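The values are calculated or read from the model by the stated rules, or taken from the named source; none is laboratory data. All values reported here derive from a predicted model rather than from experimental measurement. When we count neighbours, we look across all protein chains shown, and the Cβ atoms used for this are built from the backbone with ideal geometry, even at glycine. Heads up: the accessible areas ignore ligands, DNA and RNA and are worked out on the full protein's heavy atoms, side chains in. Shrake-Rupley method; radii C 1.70, N 1.55, O 1.52, S 1.80 Å.
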Amino acid sequence: MTYNIALVKGDGIGPEIVDSAVQVLEKVGQRFNHVFYFTEYLAGGCAIDATGVPLPEETVKGCLASDSVLLGAVGGLKWDNLPGNTRPEKALLGLRSALGLYTNLRPAKLYPALRAECPLRPDIVARGFDLMMVRELTGGIYFGERGRREGKFGLEAYDTEAYSVVEIERIARVAFEAARKRRGRVTSIDKANVLETSRLWRETVRRVAEDYPDVALSDMLVDNAAMQLVRNPSQFDVVVTSNMFGDILSDEASQITGSIGLLPSASLGATRRGLFEPIHGSAPDIAGQDRANPIATILSAAMMLRYAFDLPREADAMEAAVDAALNDGLRTADIVGDSGIKPLGTCEMTDEIIRRL
Ligand code: NAD
């Protein structure tokens, strides 16, 4: 098969880590008989420098015409003082909305080889965890009506949360489908004891669950979920929640894995085309020094194979190669801790992962 992949390398370490993922994809292509064509597009600070805007029209068109998009990261000190609408990060929101991406998938798992990096208690770490956060990305309070007005106590501000049945149903289906490919459990997080949107959320998710009798559904209030994530994260398989709750809980989940340099993400919509990117930023402090951990981006490319191209064997092989490199004691500087291991650079780590494919 042939696949057209749009590369949006972005700024800072973006070009280095995307190049690593491309090399790994090329090796996967050789091994499994696929051809990946790559086309580069500008977004973020580099696009501002070259064209005056963070998300040029050509980038949007190119991404829409591709089978999927692999993104590094955008932003950096140089563009920090620009006004909101012209900042590099605007490119991310613009791309998500142009591609109609309403789902954000963020796996968070504890690598046995990296248990020492986990900030949780040893008995919790010993149980391990491997969860998938499914966050609704284009609805809820971040997109609701907002404003300022004169209230009972003078000036007040308000933001409104609204969710339609259609929006809840489609994100719930993503979660149930994901659970079928994992351990068959969904936890739906809401605040149904207080919020009307959460009550509609809960009713709708329960109704969708009837179409997935093979998946076990449970509900959990968001305050309890925040506690359970640090108390007993091994209880979770797939977690589905609204935009704001997902924003907060997915960061909490990423922190308990120990390193930001390991975590991939996928943003998906109604078509198979998605946007795949590491959860970290452009790390300007280490850019251009061959010090970035390429694993989050390599795992994002593996998610692309799994979710956009339906190539689970190929994705498994990439993930297994990363596991093998970590199990063999190979580390980049961000995950070396106080182990005394000599860290590898971005290029060496990439080569070692490719060697294990
Ligand atoms: P960051 O994630 O870039 O960096 C935080 C810390 O983690 C830094 O010390 C960095 O060196 C380290 N780090 C991040 N990724 C790493 C990797 N792969 N390997 C090793 N170390 C890694 O967050 P920040 O410093 O708050 O932001 C830097 C810039 O990135 C800002 O301009 C911010 O707006 C932007 N940003 C972009 C995205 C994105 O493109 N999706 C996300 C977050 C932040």
Practice prompt. Among what's in region 8-35 and is β-branched (V, I, T) and assigned to a strand (DSSP E or B), pick the residue that is nearest to the ligand (Cβ to nearest atom).
Written response: V8
Item to complete: Please report, ordered by residue number, the helices (runs of 4 or more DSSP H) entirely within region 239-357 with at least 2 residues that are out of contact with any His (no Cβ under 7 Å at 6 or more places or on another chain), of a type in the set (G, A, S) and at pLDDT below 95.
Response: 243-255
Practice prompt. Quick one: in region 69-112, of everything that is among the polar types (S, T, N, Q) and surrounded by fewer than 21 Cβ atoms within 10 Å (Cβ to Cβ), which residue is nearest to the ligand (Cβ to nearest atom)?
Written response: N81
Worksheet item: Which ones in region 175-186 are at pLDDT 95 or above and open to solvent by 10 Å² or more (accessible area, probe 1.4 Å)?
Response: R183, G184, R185
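Kindly evaluate P119 against the criterion of being open to solvent by less than 60 Å² (accessible area, probe 1.4 Å) and out of contact with any Asp or Glu (no Cβ under 7 Å at 6 or more places or on another chain).
No.
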Item to complete: Go through region 248-259 and count every residue that is at negative phi and more than 11 Å from the chain's Cα centre (by Cα).
Response: 8
Worksheet item: Can you find even one residue in region 134-147 that is loosely packed, with under 10 Cβ neighbours inside 10 Å and among the small types (G, A, S)?
Response: yes
Fill in: Subset of region 18-60 (residues that are touching a strand residue (DSSP E or B) at 6+ places or on another chain (Cβ under 9 Å) and β-branched (V, I, T))
V18, V22, V28, V35, T39, T59
Worksheet item: Could you list, in sequence order, the residues of region 247-265 that are closer than 20 Å to R96 by Cα and within 13 Å of the ligand (Cβ to nearest atom)?
Response: D247, S250, D251, L263, P264, S265
Practice prompt. Of the conditions (1) near the ligand (Cβ under 10 Å from one of its atoms); (2) of a type outside the set (S, T, N, Q); (3) at negative phi, A283 clears all except one; give me its number.
Written response: (3)
Worksheet item: Yes or no: L42 within 27 Å of I260 (Cα to Cα) and at pLDDT below 95?
Response: no
Response to the item:
Residue hits (region 266-280; of a type in the set (D, E, K, R) and either near the ligand (Cβ under 9 Å from one of its atoms) or open to solvent by less than 10 Å² (accessible area, probe 1.4 Å) (or both)) are E277
Discussion item. When you check R291 against the structure, is it over 21 Å from the mean Cα position of the chain (by Cα), within 16 Å of the ligand (Cβ to nearest atom) and open to solvent by 10 Å² or more (accessible area, probe 1.4 Å), yes or no?
Written reply: yes
